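Just below is one structure, and these are the notes that go with it.
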Amino acid sequence: MKNLVRKVLTLSVGMAVLCSAVVFAGGQGGQKTDGNTHAIVFKSTGNPYGERQMGGFEAGIKEQGGNVILRAPDQPTAEAQIPMIEQLIAQKVASICIVGNDFDALQPVLTRAKNAGIKIFSLDSSVNPASRLTHVNQADTQAIGDTLVEAAFDQAGGSGEIAILSATSQASNQNAWIAVMQETLKQPKYANLKLVKVAYGDDLRDKSTSETEGLLASYPNLKVIVAPTTVGIAAAAKVIEDKNLIGKVKITGLGLPSEMAEYITNGSCPYMYLWNPIDVGYLGAYVATALTTGKITGAVGNSFAAGRLGNYTITKAPDGGTEVLLGPPFKFDAANINDWKGVY
Ligand code: RAM
């Protein structure tokens, strides 16, 4: 019952916020804001996961009486995010929630924002600890990497060639998960799994499709492609379906149920994982206000209430900074995907 209530709530919040997220994403505007305006800068436009995350952020800020600015560049690069952050500094926003396209490259502009009195934190894809007060992490980095290796092992039948189809080569969330995967693959249990290549689809559908085709052409014995990106996994699964490779090459990774339901149902992707992206953004909204009202500083041990999600405490992050952890990754398979495909 609790789950059902949570699902319905998430669905209605998700639906309500999606409409306005589309209107605001990538929007311009150079006017000074009112001291209670909070901005989120996602990786790039055209990513349904990003729209849901920004939607959750917007809902969380609005229910606390604040104003919100949702931004995302056309290209998933740090260079493209820098002018957006410059503009937010000029607008004197209260906080900036950055979904980093690079771990280090945003430090100069984020330092300028910090010096202008703006509270900076990252979410989903972190920036380095020197550039942020804290990071909103969707799930434990080690757990995500370990879970994806175990999924590849299981779907490959314990041995054979696997590949990774990632987002951009600079994306700090994907890079952190891939680093864990590479370490975990060294365990004796996985000795017969061979990671042949890490390819980068840049969170663009077309590039993810051509990179998948390239992997299949270069590695005819490939058994599993692990895509730790919602854009990559959907593109890869479509290639498997289109090329009649269902059952021969399996796709797993991190996917949006709404985009992946047909591929889970037809077996291109036997199962995959994710968290609720609306909740990631919503948690970010409460971090924004807790930082700007001085309830927290971003230090280990700080606690705050995050609306319908309950209470959170800031912990030490694996990169040496601090983080707020949403919760464990969730498995989606043929048995539950129809319950979730309309939720996010
Ligand atoms: C893509 C983005 C996002 C990541 C998800 C799993 O949508 O790269 O940052 O968290 O995949």
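Highest mobility in the GNM of the chain, judged by mean-square fluctuation with C-alpha springs under 10 Å and restricted to Pro48, Pro318, Pro73, is found for Pro318. Note that segment 159-216, at 10 °C in a medium of 1.306 mPa s, gets a Stokes-Einstein diffusion coefficient of 131 µm²/s from its Kirkwood radius over C-alpha pairs. Accessible surface computed residue by residue for the chain, with neighbouring protein chains in place and a 1.4 Å probe, gives 39 Å² per residue. Between Asp34 and Asp333, the FRET efficiency from the beta-carbon distance, with R0 = 56 Å, is close to 0.75. Taking the DSSP beta bridges with both ends in the chain, the antiparallel portion is around 20 percent. With each label modelled as a point 7 angstrom along the Cα→C-beta vector, the Ala191-Thr315 pair spans 3.3 nm.
Applying the Karplus relation 6.51 cos²θ - 1.76 cosθ + 1.60 with θ = phi - 60° to segment 83-89 yields 3J(HN,Hα) values of x, 5, 5, 4, 5, 5, 5 Hz, where x marks Gly and Pro.
Across all directions, the shadow cast by the convex hull of the chain built on its C-alpha atoms averages 16.1 square nanometres. Comparing Ser258, Ser208, Ser44 in a Gaussian network model of the chain, where Cα atoms under 10 Å apart are tied by springs, the biggest mean-square fluctuation is seen for Ser258. The overall shape of segment 189-280 is rounded: from the C-alpha gyration tensor, with semi-axes ordered a ≥ b ≥ c, the ratio a/c is less than 1.5. With a 1.4 Å probe rolled over the protein heavy atoms of all chains, the accessible area of Lys243, Lys32 falls in the order Lys32, Lys243, largest first. For the pair segment 201-258 and segment 37-82, the centres of their Cα atoms are 27 angstrom apart.
Summarised in one figure, the compactness ratio Rg/Rh of segment 247-329, Cα atoms and Kirkwood Rh, is 1.15. When only alpha carbons of segment 75-133 are considered, Rg and Dmax amount to 10.0, 28 Å.
Quick check: from the Cα gyration tensor, does segment 40-103 come out rounded (a/c under 1.5), prolate or oblate?
Since a/c reaches 1.5 but b/c is at least a/b, the shape of segment 40-103 is classed as oblate.
Expressed as a whole percent, the accessible surface of segment 235-276 that belongs to carbon and sulfur atoms is 49, based on a 1.4 Å probe.
Placing one equal scatterer on every Cα of segment 88-224 and applying the Debye formula, the log10 ratio I(q)/I(0) at q = 0.10 Å⁻¹ is -0.43. Computed over the alpha-carbon atoms, segment 30-143 gives an Rg to Rh ratio of 0.94, Rh here being the Kirkwood radius from the mean inverse distance.
Partner lysines whose Cα lies under 20 Å from the Cα of Lys62, excluding those fewer than 8 positions away in the same chain, are identified as Lys32, Lys92, Lys119, Lys295. Computed on segment 271-344, with alpha-carbon pairs under 8 angstrom and 6+ residues apart, the relative contact order is 36 percent.
The values are calculated or read from the model by the stated rules, or taken from the named source; none is laboratory data. Quick caveat: nothing in here was measured; it's all calculated off a predicted structure. As a convention, Cβ positions derive from the backbone with ideal geometry for all residues, glycine included, and neighbour counts pool all protein chains shown. The area values use the complete protein model at the heavy-atom level, side chains included, leaving out ligands, DNA and RNA. Shrake-Rupley method; radii C 1.70, N 1.55, O 1.52, S 1.80 Å.
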